[in-house]
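A short write-up of the structure that comes next.
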Amino acid sequence: GVYDSLDKYTQTALLQTALHTARDDVDKREGSIMYDALAPLAFLAARLIEVFKGIAENADIQTAQGDALDWAASQYGIYRTEAVAAVREAQATPDDMEFEVGDAFRTDAGLGLIWECTEVLTGGKIVLQCKTAGAAGGADYGELTPQENADGLKSLIFVDTRNAGADAETDAAFRIRFWRELQRESYGGNFADYQKWI
């Protein structure tokens with residue numbers, strides 16, 4: 001990246017530079033007074049350069065990551081697309097099972113996700129929302145197991161998907177969208193302003 005040039009300022013390089021600037025008639029060998037005095041300062045300077053590089057990269061929209069990228073983009077009123085929880089319908093066997101909103105179930109296959117009943121339909125159908133937001137909730141996991149005892153329940157399986165869920169926008173995708181949003185910024189009757197107006 002643009003800040004990789006700072007990588008050359010290692011503790012060893014800084015110490016050698018400092019020793020090189022000292023007079024030639026001074027003992028600069030390891031263990032000498034000059035060497036032992038400059039070594040801690042070179043260590044501190046190298047750590048400070050690492051901190052500076054991290055701050056600089058996180059303040060730059062081109063190199064920021066995670067929360068730092070979110071903060072940098074928020075200065076322009078642009079925000080990352082958050083993860084969305086999957087919402088699915090499940091069918092119970094037998095179809096006269098009684099459920100309540102708030103009943104919890106889990107999928108034993110895959111990630112072992114927890115699902116909460118948000119709506120009770122007719123004929124043994126219920127609507128479940130995944131407690132973990134993301135696209136993982138849209139996968140096929142087979143049967144669901146109740147978190148608490150459900151007398152008479154033989155099986156509960158997904159039969160329909162209302163929302164397959166979606167993962168949060170990645171740093172790479174968010175960065176691309178950020179630049180596109182800036183390029184589409186409307187002002188003074190430009191094409192983007194015209195599009196917004198119509």
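The values are calculated or read from the model by the stated rules, or taken from the named source; none is laboratory data. Note that this is a predicted model, so its numbers are computed, not measured. Glycine gets a Cβ as well: all are built from the backbone with ideal geometry, and neighbour counts include every protein chain shown. Keep in mind that these areas ignore ligands, DNA and RNA; they rest on the heavy atoms of the full protein, side chains included. Shrake-Rupley method; radii C 1.70, N 1.55, O 1.52, S 1.80 Å.
What the table below lists for this structure:
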item: Residue match in region 30-37 (condition: farther than 30 Å from R177 by Cβ, in a loop (DSSP other than H, G, I, E, B) and open to solvent by 100 Å² or more (accessible area, probe 1.4 Å)); result: yes
item: Filter result for the condition that a residue is more than 30 Å from D160 (Cα to Cα), buried (at least 16 other Cβ atoms within 10 Å of the Cβ) and within 24 Å of the chain's Cα centre (by Cα), over I61, I55; result: I61
item: Residue within region 89-98 that is open to solvent by 70 Å² or more (accessible area, probe 1.4 Å) and in contact with a Phe, Trp or Tyr (Cβ under 8 Å, 6 or more places away or on another chain) present; result: no
item: Residues located in region 38-60, provided they are of a type outside the set (G, A, S) and either touching a Phe, Trp or Tyr at 6+ places or on another chain (Cβ under 7 Å) or part of a loop (DSSP other than H, G, I, E, B) (or both); result: I49, K53, E57, D60
item: Residue check, L182 in contact (Cβ under 8 Å) with a residue 60 or more places away in the chain and under 19 Å from A85 (Cβ atoms); result: no
item: All strands (runs of 3 or more DSSP E) inside region 116-191 with 2 or more residues being under 24 Å from the mean Cα position of the chain (by Cα) and under 19 Å from V101 (Cα atoms); result: 125-130
item: Verdict on A72 being assigned to a helix (DSSP H, G or I), under 30 Å from Q183 (Cα atoms) and under 20 Å from the mean Cα position of the chain (by Cα); result: yes
item: Within region 41-52, considering residues that are open to solvent by 50 Å² or more (accessible area, probe 1.4 Å) and among the aliphatic types (A, V, I, L, M), the one nearest to Y76 (Cα to Cα); result: V51
item: Matching residues in region 162-179 - criterion: being in contact (Cβ under 8 Å) with a residue 60 or more places away in the chain, of a type in the set (G, A, S) and within 18 Å of A73 (Cβ to Cβ); result: A168
item: Cross-chain or 6+ apart pairs with Cβ under 7 Å, region 23-46 first and farther than 19 Å from Y9 by Cβ, then open to solvent by less than 50 Å² (accessible area, probe 1.4 Å) and among the small types (G, A, S); result: K28/A22; M34/A22
